[in-house]
1. So D343 ticks every box in (1) without any contact (Cβ under 8 Å) to a residue 40 or more places away in the chain; (2) acidic (D, E); (3) assigned by TED's automatic domain parsing to the domain that holds M248 but one. Which box is left unticked?
2. Report, ordered by the first and then the second residue, all pairs with beta carbons closer than 6 Å, sequence separation of six or more or different chains, a first member in the range 295-315 that is of a type in the set (K, R), and a second member that is at pLDDT 75 or above and not in a loop (DSSP other than H, G, I, E, B).
3. If you go through the range 99-121 one residue at a time, how many are surrounded by fewer than 16 Cβ atoms within 10 Å (Cβ to Cβ) and more than 18 Å from D77 (Cβ to Cβ)?
4. Quickly run through the range 358-375 and pick out the residues that are assigned to a strand (DSSP E or B) and of a type in the set (V, I, T).
5. Among the residues in the range 33-46, are any among the basic types (K, R) and assigned to a loop (DSSP other than H, G, I, E, B)?
6. Go through (1) outside any helix (DSSP H, G or I); (2) surrounded by fewer than 20 Cβ atoms within 10 Å (Cβ to Cβ); (3) in contact with a helix residue (DSSP H, G or I) (Cβ under 8 Å, 6 or more places away or on another chain) one by one and return the number of the condition P348 breaks.
7. Which one of these is surrounded by 20 or more Cβ atoms within 10 Å (Cβ to Cβ), among the basic types (K, R), over 30 Å from L325 (Cα atoms) and in contact (Cβ under 8 Å) with a residue 40 or more places away in the chain: R417, R396, R412?
8. Step by step: first the residues of the range 131-144, then only those that are of a type outside the set (A, V, I, L, M) and crowded, with 19+ Cβ neighbours inside 10 Å, then the one that is farthest from T261 (Cα to Cα). Which residue is that?
Amino acid sequence: MIGKQDRWQEDLFVAGPLRDLIPDDHILKQVDRVLDLSWLRQEVRETYSEDQGRPGIDPEAAVRLMLAGFFQNIVHDRKLMREAQVNLAIRWFAGYRLHEALPNHSSLTRIRQRWGAKKFKSIFEKTVQSCAQAGLVNGETVHVDATLIRADVSWRSLSAEHADRVVTENDTDDDPDPDDQGLPKRGRPRTKPVKPKKRSRTDPDATLTTNDKRVRMQPCYKQHTAVDDHSGVIIDVDVTTGETSEGMQLPEQIDRIERTTGKKIKILTADSGYAHAKNYADLEKRQIEGIIPPQREVDRKCLPARRFKYDRRHDVVRCPRGKKLQASSPGKGVTYYRARAKDCRVCPLRQRCFSAGATVRSILLVEGYEALLRARRRRSRSDERTKGIYKRHFWRAEGTNGEAKIQHGLRRAVRRRLDNVAIQSYMTAAVMNLKRLARSLCAWIIALVAGNRAQESEICARKISDRILLDSGQRINHSVMAA
């Protein structure tokens with residue numbers, strides 16, 4: 001029989017609360033069970049005036065609106081408020097009734113400007129603490145990775161930055177360079193002019209960079225992410241300009257992770273972008289097992305630096321023929337070792353050791369060179385355990401970055417300037433942590449319900465078996481009846 005639906009929809013009253021109209025498996029309904037923003041009002045009180053102006057939007061309602069947008073992959077405020085007009089789940093999650101007017105989209109922009117990135121970072125850190133209290137953060141094995149966020153600028157906004165003209169205009173005798181001691185600069189003179197960098201006029205914080213030499217450089221920001229291995233909870237997020245090296249950020253990132261989780265890291269994994277000798281030395285000093293594949297050595301015609309043996313005690317380097325290379329012109333974090341001309345003049349390895357235009361062989365050793373050599377040896381004889389841990393890095397760290405870009409709109413920055421991009425990253429990481437926290441709670445509830453049902457069925461089986469007897473006089477098997 002064909003049914004017929006009455007299309008009259010002008011109902012004045014709705015029978016039942018708004019919560020009953022939302023499915024129990026909806027993500028916002030699951031997150032509402034684990035989200036606690038009661039502390040937020042006191043946290044942002046200092047940014048408001050106590051006796052001037054009209055009452056603003058409730059801080060918790062504003063944050064819930066932003067979180068609901070990121071859950072639904074809606075990152076623009078205008079689109080979010082249009083969706084909230086007709087979406088019952090967003091209205092209920094933010095605390096607005098059906099007849100209440102929603103705030104204007106510009107109010108969310110004002111809130112971000114008023115609070116600043118520091119307040120939103122607190123929201124993210126609270127989600128990390130909630131996950132830690134629920135037992136989702138182990139803190140012993142951490143996966144670190146960086147990803148690029150395309151800046152919200154057009155190619156037409158890029159213009160060349162003439163560095164030489166800026167230096168000339170700002171180079172005055174009243175402000176001398178403290179490092180300049182009047183000595184002539186060493187090294188070969190520059191024969192080619194410096195290629196000017198390109199900057200965006202609309203977003204000066206974004207810088208040109210790329211993560212692949214085969215892909216053209218784009219104005220980007222860089223997010224540095226740390227993921228816990230236990231449940232994939234994001235325990236640290238930081239945003240810098242695109243040209244910032246991720247390897248230089250690792251020591252500060254470790255300090256933030258241990259301060260946030262309150263636990264000492266035992267194993268840390270990262271890709272070859274973090275394979276700096278200084279990082280290997282810092283990990284050894286902290287007694288952290290660093291699983292970071294060293295970068296491949298540059299294939300040159302001359303003998304590689306690994307053929308030269310470094311003596312740390314006497315601070316000398318010996319060539320393959322046993323001759324000493326003395327330290328020369330130490331720089332910031334690097335040391336040059338130079339051989340003597342009389343040794344290289346009669347050396348049989350001269351043609352293989354350096355080019356014909358040079359007179360002696362010199363090598364450069366960076367700070368932590370010994371730790372780099374040890375990392376290369378560990379890499380060459382890595383076991384299945386080490387390979388297994390590093391395989392988890394791909395789907396934990398890089399998978400997390402892919403999830404943020406595909407499901408939560410982090411592929412491209414929504415707003416401009418560094419603080420706004422940082423707020424977007426903090427909120428995205430908070431949403432992903434809340435998803436994991438809600439999933440763990442739902443799994444716990446399902447297990448609890450299943451356990452109660454099993455217990456009830458076992459009790460019923462025992463009662464039935466007490467009343468029913470088999471012909472042989474044996475009682476019915478309790479486990480069979482429970483099944």
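The values are calculated or read from the model by the stated rules, or taken from the named source; none is laboratory data. Since this is a predicted model, take the numbers as computed values, not measurements. Cβ atoms come from the backbone with ideal geometry, glycine included; neighbour counts cover every protein chain shown.
1. (3)
2. Every condition considered, the pairs that remain are K309/R318.
3. Final tally of qualifying residues: 3.
4. Step one: list which residues in the range 358-375 are assigned to a strand (DSSP E or B), which gives 362-366.
Hits for the range 358-375 are I363, V366.
5. Step one: of the range 33-46, the residues among the basic types (K, R) are 33, 41, 45.
So of that shortlist, the ones also assigned to a loop (DSSP other than H, G, I, E, B) come out as 33.
Yes.
6. (3)
7. Working: R417 fails: surrounded by 20 or more Cβ atoms within 10 Å (Cβ to Cβ); R412 fails: surrounded by 20 or more Cβ atoms within 10 Å (Cβ to Cβ).
So the residue among R417, R396, R412 that is surrounded by 20 or more Cβ atoms within 10 Å (Cβ to Cβ), among the basic types (K, R), over 30 Å from L325 (Cα atoms) and in contact (Cβ under 8 Å) with a residue 40 or more places away in the chain is R396.
8. Let us first name the residues in the range 131-144 that are of a type outside the set (A, V, I, L, M), namely 131, 133, 135, 138-141, 143.
Going one step further and asking which of them are crowded, with 19+ Cβ neighbours inside 10 Å, we end up with 131, 139, 141, 143.
Numbers: C131: 10, G139: 7, T141: 12, H143: 14 Å.
Once the filter is applied, the top-ranked residue is H143.
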